[in-house]
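Asks: Shown below is the structure under consideration.
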Amino acid sequence: MSDLYHIYIKPKAGLTREKVEETLNLAVHWFRYRDQCYVVQTTSDEDKWQVRLLPLVEPDGALFICKLDPSHYNGFIRKDFWEWFQPRIKKP
């Protein structure tokens, strides 16, 4: 079973987006909807993601990880995000 998480990551100086996304490839799937903002489908919890991502952030970056509740959502965003998101919503 997988869950969805929102991950904001500002990597430490000198680290590329490609390196961040290389690590995110450990997830089942992910979607970057804005610079440094990702929705991640994963079987791992937020503690595991912190362990994976913290080395990409310390000492001068930032990291925020939050589990999403896809039973409650609304918004206006790019169509390709909705196409990615809709199949990942857990049906009751």
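Asks: Any residue at all in region 60-72 that is of a type in the set (Ser, Thr, Tyr) and closer than 24 Å to Gly14 by Cα?
Replies: no
Asks: Going residue by residue through region 37-50, is there one that turns out to be loosely packed, with under 13 Cβ neighbours inside 10 Å and either within 13 Å of the chain's Cα centre (by Cα) or hydroxyl-bearing (Ser, Thr, Tyr) (or both)?
Replies: yes
Asks: Right, next: Do we have any residue at all in region 65-80 that's part of a loop (DSSP other than H, G, I, E, B), out of contact with any Leu (no Cβ under 7 Å at 6 or more places or on another chain), surrounded by fewer than 16 Cβ atoms within 10 Å (Cβ to Cβ) and of a type in the set (Asp, Glu)?
Replies: Looking through region 65-80, at least one residue is part of a loop (DSSP other than H, G, I, E, B), out of contact with any Leu (no Cβ under 7 Å at 6 or more places or on another chain), surrounded by fewer than 16 Cβ atoms within 10 Å (Cβ to Cβ) and of a type in the set (Asp, Glu).
Asks: Taking into account only those residues within region 1-21 that are over 19 Å from Trp84 (Cα atoms) and free of Cβ contacts under 8 Å to residues at least 40 places away in the same chain, which is surrounded by the most Cβ atoms within 10 Å (Cβ to Cβ)?
Replies: Val20
Taken together, the values in this text are just the output of simple stated rules run on the coordinates, not laboratory data. This is a predicted model, so every value here is computed, not measured. Positions of Cβ are backbone-derived with ideal geometry, glycine not excepted, and every protein chain shown enters the neighbour counts.
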